[in-house]
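The values are calculated or read from the model by the stated rules, or taken from the named source; none is laboratory data. Just so it is clear, the model here is predicted, and its values are computed rather than measured. Quick reminder, even Gly has a Cβ in these numbers, built from the backbone with ideal geometry, and neighbours come from all protein chains shown.
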């Protein structure tokens, strides 16, 4: 039998698979508030129950992961921001885990498990920006996007599997050409489905912010800041300026410029004067800032790290920020960088003389730039402040060298 797979038949097969997710067109008014809360949701149907069981098992493993920051105060603070954004009733369905992972990310599983990466916390400037990220992830949860994507993926892969059988039966060049077009169309539709889900979650998250006590304009600012960081990273690497308004075929998210644009347009104008919670956020992050910055610097992304440190310092340079900048420049390690690092460490020591790590960095930078006596003096102060340091032997050798 010579079965031919024609282009019209391909289109007919694609129709039930590639129906785009319903996403509201950008209206000329703010994003609406979320619908009334209807109670704690329970999974329905075999597919969703299975996804929840997988998420439950994943959460059991997550709870024991060494990446989870086991600090009740930090976790409670992050969940408190979520609850203030989406409402106390909705918030009951979630468990929040803060992971020590120095990249910008957060996620939420079908069973209500929310992961927030330390890299995201480092990049936020206030509670409103954090609320924008958390609200977006909660929007995915409330809209059951995981289930929708699972079903779309299954329909797409089922279609390709059945089409491959028909192609093998046909065995013609036209059939194989149509099959190639089919695969491109199916996968393109699945990626578009993911992007539409991200847009819908953006609008849901912005709806929570519009109805909250926080300024919704901060949602757009999150993406503006990320674009500025990416530009700084590319510039330091000698790369071209990133394209923030183009969509790659396999992109799972809309372009950053697009997101910054519609989130800014749909933010409630009268909400711009609300308190963004910058002071509260700074207090909550203060015990963690040095650790999160140290993790960021270890990523070896000089431009991004320099941008993050500079933006954190917009409200004033602290000893911790000068120390972090010294660490960043010392890690890159050119002679000029080491001279700059020594200056930054000196500024940190001036503000906080008992900051042992700054004394250590100052001493090492001075020694490497030929100022051995000054460096040895700083290193001796480091050992006085931290006599049980793990590098006592190595630092002791350097102080002996400086004394010669």
Among residues of the stretch 236-256, those that are assigned to a helix (DSSP H, G or I) and surrounded by fewer than 16 Cβ atoms within 10 Å (Cβ to Cβ), counted = 1
message = I need the full set of residues from the stretch 42-62 which are exposed (fewer than 13 other Cβ atoms within 10 Å of the Cβ) and either not assigned by TED's automatic domain parsing to the domain that holds residue 90 or not in a helix (DSSP H, G or I) (or both), in order please.
response = 42, 44
ask   = Can you name every residue in the stretch 260-295 that is surrounded by fewer than 17 Cβ atoms within 10 Å (Cβ to Cβ) and not in a helix (DSSP H, G or I)?
value = 275
query = Among the candidates 156, 188, which residue alone is in a helix (DSSP H, G or I) and out of contact with any helix residue (DSSP H, G or I) (no Cβ under 6 Å at 6 or more places or on another chain)?
reply = 188
request  = Could you identify the single residue in 198, 231 that is modelled with pLDDT of 95 or more and touching a helix residue (DSSP H, G or I) at 6+ places or on another chain (Cβ under 9 Å)?
outcome  = 231
query = Taking the stretch 121-132, which residues are assigned to a helix (DSSP H, G or I) and in contact with a helix residue (DSSP H, G or I) (Cβ under 6 Å, 6 or more places away or on another chain)?
reply = 122, 127, 128, 129, 130, 131, 132
In the stretch 374-404, residue modelled with the highest pLDDT [restricted to those that are in contact with a helix residue (DSSP H, G or I) (Cβ under 9 Å, 6 or more places away or on another chain) and outside any helix (DSSP H, G or I)] = 386
note = Among 192, 154, the single one that is without any contact (Cβ under 8 Å) to a residue 24 or more places away in the chain and either under 19 Å from residue 252 (Cα atoms) or not assigned by TED's automatic domain parsing to the domain that holds residue 49 (or both) is 154
key: Exclusive hit being surrounded by fewer than 21 Cβ atoms within 10 Å (Cβ to Cβ), under 26 Å from the mean Cα position of the chain (by Cα) and more than 17 Å from residue 296 (Cα to Cα), set 315, 354   = 315
note = residue 65 vs (1) exposed (fewer than 14 other Cβ atoms within 10 Å of the Cβ); (2) assigned to a helix (DSSP H, G or I): all pass except (2)
message = Within the stretch 136-159, does at least one residue satisfy the condition of being within 19 Å of the chain's Cα centre (by Cα) and over 26 Å from residue 192 (Cβ atoms)?
response = no
Exclusive hit being farther than 17 Å from residue 208 by Cα, buried (at least 21 other Cβ atoms within 10 Å of the Cβ) and in contact with a helix residue (DSSP H, G or I) (Cβ under 7 Å, 6 or more places away or on another chain), set 109, 85 = 109
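Has the stretch 177-185 got any residue that is touching a residue at least 60 places away in the same chain (Cβ under 8 Å) and within 30 Å of residue 105 (Cα to Cα)?
Within the stretch 177-185, one or more residues are touching a residue at least 60 places away in the same chain (Cβ under 8 Å) and within 30 Å of residue 105 (Cα to Cα).
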message = Just to be sure before I move on: is residue 74 assigned to a helix (DSSP H, G or I), at pLDDT 90 or above and under 17 Å from the mean Cα position of the chain (by Cα) in the structure I sent?
response = no
inquiry  = Just to be sure before I move on: is residue 119 assigned by TED's automatic domain parsing to the domain that holds residue 36 and under 21 Å from residue 41 (Cβ atoms) in the structure I sent?
reply    = no
